[in-house]
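Trainee: So that we are looking at the same thing, I have put the structure below in structure tokens.
The values are calculated or read from the model by the stated rules, or taken from the named source; none is laboratory data. Predicted, not measured: the structure shown is a model, and the values here were computed from it. Don't worry about glycine lacking a Cβ; one is built from the backbone with ideal geometry, like all the others, and counts go over all protein chains shown.
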Amino acid sequence: MFKLLKEFYLIKNFPNRYPFYKKIFANLGFIFSRLIIHRRENRLSFNDLFKANLRLRKGDIVLCGEQETVFSDIIGDVVNHAVIYVGRRRFVEAIGRGVSYVSFHKLFTLYHNLVILRTAKGTKRKVIRQAIRWAENKIGKPYDYEWSARNEAYFCSELANEAYLKSGYKTRLRSLGYPRTLTKKIQAKITKAANALHPVRMIKGNFRVIFLSHNLELAGKKLRLKKNI
């Protein structure tokens, strides 16, 4: 049923005094979530690569998606990862091994769908520079398996959102929220991740959609896959 793991590695970068049993569960969860359960579809095209490269600017938030692993099925959105572009064809991301750089090439190799978001027109360059500097200063920090704002660890959309919040930009988004409906409260009892800012929700923030890969479309503020692609 399951195919080869996607990007397998053992996670060793955890916050100080992180319980050993939680390290075991984090690694098991990561291994299971990266199992490939679908055939890869909707690859990014050369035209996507060309156009995205032309439009990309420093400080842009890029939302990426893949639909082949257990993780993608659990999230259920067409985009499930967020990175921030810092220039020189590099992005800063928060993944299992922690906050690190990822290349433009690798991003296009790993994901099927792509969205570029940019701050509102008139945003001061100083704000963008501060957001980039804040994100780069987090390189080496661990991934946030606790889904908590009270630690020096980050999940992907939290990193991108907090970079701008810390620079004084009003994203109109909360990295971690509080459950309001009964369904959300039940989910929160099962996992704190239910209250985390999912990458797809960033489209509803104070950002402009600059680019969509050929297989995506927007219906209002709702992102979806195009049919018959």
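Trainee: Consider TYR85 carefully, then state whether it is modelled with pLDDT under 95, crowded, with 21+ Cβ neighbours inside 10 Å and among the aromatic types (Phe, Trp, Tyr). It would help to see each step written out before you state the result.
Mentor: Values: modelled with pLDDT under 95: no; crowded, with 21+ Cβ neighbours inside 10 Å: yes; among the aromatic types (Phe, Trp, Tyr): yes.
Against the criterion (modelled with pLDDT under 95, crowded, with 21+ Cβ neighbours inside 10 Å and among the aromatic types (Phe, Trp, Tyr)), TYR85 does not qualify.
Trainee: Since SER157 meets every condition but one in (1) surrounded by 13 or more Cβ atoms within 10 Å (Cβ to Cβ); (2) touching a Pro at 6+ places or on another chain (Cβ under 8 Å); (3) at pLDDT below 95, which condition does it not meet?
Mentor: (3)
Trainee: Another question about this same structure. I need the full set of residues from the stretch 131-147 which are in contact with a strand residue (DSSP E or B) (Cβ under 7 Å, 6 or more places away or on another chain) and not hydrophobic (A, V, I, L, M, F, W, C), in order please.
Mentor: GLU136, LYS138, GLY140, LYS141, PRO142, TYR143, ASP144
Trainee: Under the condition of being of a type outside the set (A, V, I, L, M, F, W, C) and touching a strand residue (DSSP E or B) at 6+ places or on another chain (Cβ under 6 Å), which residue from the stretch 32-62 is modelled with the lowest pLDDT?
Mentor: Of the residues in the stretch 32-62, the ones of a type outside the set (A, V, I, L, M, F, W, C) are 33-34, 38-43, 45, 47-48, 51, 53, 55, 57-60.
Then keep just the ones that are touching a strand residue (DSSP E or B) at 6+ places or on another chain (Cβ under 6 Å); that gives 34, 55, 58, 60.
Working: ARG34: 64, ARG55: 95, LYS58: 97, ASP60: 98.
My answer is ARG34.
Trainee: Of all residues in the stretch 191-229 being polar (S, T, N, Q) and surrounded by fewer than 17 Cβ atoms within 10 Å (Cβ to Cβ), which is modelled with the highest pLDDT?
Mentor: Filtering the stretch 191-229 for residues that are polar (S, T, N, Q) and surrounded by fewer than 17 Cβ atoms within 10 Å (Cβ to Cβ), the one modelled with the highest pLDDT comes out as ASN206.
Trainee: Being part of a strand (DSSP E or B) and closer than 22 Å to LEU216 by Cα is the filter; apply it to the stretch 97-124 and report the residue that is farthest from the chain's Cα centre (by Cα). Even if it seems obvious, please write down each step before you answer.
Mentor: Of all residues in the stretch 97-124, those part of a strand (DSSP E or B) come to 98-103, 113-119.
Pick out the ones that are also closer than 22 Å to LEU216 by Cα and you get 113-119.
Working: ASN113: 12, LEU114: 11, VAL115: 11, ILE116: 12, LEU117: 12, ARG118: 15, THR119: 17 Å.
The residue in question is THR119.
Trainee: Could you tell me whether ILE132 is in contact (Cβ under 8 Å) with a residue 60 or more places away in the chain and in contact with a Lys or Arg (Cβ under 9 Å, 6 or more places away or on another chain)?
Mentor: yes
Trainee: So which of GLY76, GLY98, GLY65, GLY29 is at pLDDT below 80 and within 22 Å of MET202 (Cα to Cα)?
Mentor: On the way: GLY98 fails: at pLDDT below 80; GLY65 fails: at pLDDT below 80; GLY29 fails: within 22 Å of MET202 (Cα to Cα).
When all the criteria are applied, what remains is GLY76.
Trainee: Going through the stretch 144-165 one residue at a time, which ones are part of a loop (DSSP other than H, G, I, E, B), in contact (Cβ under 8 Å) with a residue 60 or more places away in the chain and polar (S, T, N, Q)?
Mentor: ASN151
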